[in-house]
Ligand code: UGA
């Protein structure tokens, strides 16, 4: 089989590389010529552990190639995976321009029957519309099928998730059953359970999954906020509820809210999808609102302990989560803007996401190349991402390096015991604050 992948973003690149690793011959297409030139030299435009090595291995084996020529990509393809972006429009709905362009290009260049597999997250009903577009635009003597095959990869562990995912969803209309069979056979060697559905259900599984996970996060964050006020400890509460198999232990890590390119965008899109059919998705609206509040809460809390005006503040972690250089919708950006608005002087550190963060932050933010450099002479430190490079630094080092060792930890990287032993002031999420001996902070309610 000859496989083409449209779009070399995080989903397309991982999909193309992993399909090649499974023995398929794959060509990845992107309109961005600079990106393709870098990829052709074996350089990944995104930081994803293990991806560049796997890319190079499969390029050397002759199974993986990259092109900016759409004709070359689609002409002889049996299957085209669509992994182009579906960015958020101002009203929260998904922008389908790139999807339409890709469908049009496949229809224009195809020289044999082709199966289109939609990996991009698209609103319910889109794949059906794509079928109609293909029918209209394709050469009359050739056949096309459109399959919905949403992705469930997490940034930072995408390669692992491809090979060891929980399920593979394949949605197809009755007319495209054969194509769905073909795709099932392609995935079979992975040994992952395959869920076969109609198109709309497959599209809905993607949105419902992300919406549910986002709901879990907002839920545990609300519980954490209440814990702080009633004297309970979120770690124990999350562990205690997570042991119930019906609840499960995952996605109960309280913190500064979810970020990234998926949850914020997909939750808003689902509210919009529901609204289009006159259904007000009140629960999900609340999830989004709670998250917005949570991203800003740490600075509000800090203000209860100290004035931030004129203070040197270290901001540790900029990526929306560890093991990625992605800062899209990252809580760190919200925190940075709020700190600046309060008049603080911000020195930020991230092991890999600094360049991306610079595009979103004012030039007044300074950047350090190590945690120890960022916290040197700082009046306060904010932890926004639980990178190993950050949480491996003992709190005693904060005590030594900072002017005043006051730490606002949005990711609960340290135990309260460690904080007490290191004699630092440590304010985390859903747990009692530890105040260092002799530390003059104003304590109060927020
Ligand atoms: C998410 C889903 O987990 C993937 O299954 C899905 O394929 C992907 O979106 C997508 O739609 O493409 P991702 O955004 O890479 O993956 O990252 P997650 O690990 O899900 O984390 C999202 C955010 O939630 C991060 O900001 C993380 O810090 C936060 N989070 C996660 C918490 O605050 N608490 C938790 O317990 C878990």
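Readers should treat all values here as calculations from the given coordinates under stated rules, not as data from a laboratory. Note that the structure is predicted; figures quoted are calculated from it, not measured. Counting neighbours? That spans all protein chains shown, and the Cβs are built from the backbone with ideal geometry, glycine included.
Here are the numbers for this structure:
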| read-out | value |
| --- | --- |
| Volume per residue of the C-alpha convex hull in segment 1-62, rounded to whole Å³ | 72 Å³ |
| Square roots of 5 times each gyration tensor eigenvalue, C-alpha, segment 135-260, largest first, Å | 40, 15, 12 |
| Residue exposure sequence - 229, 89, 268 - by fewest surrounding Cβ within 10 Å | 229, 89, 268 |
| Whole-number Å³ per residue for the convex hull built on Cα positions in segment 83-143 | 77 Å³ |
| Kirkwood Rh, angstrom, the chain [1 / mean 1/r, Cα pairs] | 23.5 Å |
| Segment 48-172 - Rg over Rh from alpha carbon coordinates, Kirkwood radius | 0.98 |
| Rounded if a/c under 1.5, otherwise prolate or oblate - segment 257-401, Cα gyration tensor axes | prolate |
| Principal axis dimensions, segment 328-397 - Cα atoms, whole angstrom, descending | 30, 24, 18 |
| Sorted by Cβ neighbour density within 10 Å, fewest at the top, the residues 136, 411, 399 | 136, 399, 411 |
| Per-selection metrics, segment 214-274 (Cα): Rg and Dmax in Å | 13.3, 40 |
| Sorted by Cβ density within 10 Å, fewest first, the residues 103, 230, 434, 31 | 230, 31, 434, 103 |
| Convex hull volume of segment 208-310 per residue (C-alpha atoms, cubic angstrom) | 128 Å³ |
| Cβ-Cβ FRET estimate between residue 1 and residue 397, R0 fixed at 45 Å, reported to 0.05 | 0.25 |
| Hydrodynamic radius by Kirkwood, which averages 1/r over all alpha carbon pairs of segment 162-211, in angstrom | 11.4 Å |
| Using alpha-carbon coordinates, inclination of helix 10-21 to the longest axis of the chain, degrees | 60 degrees |
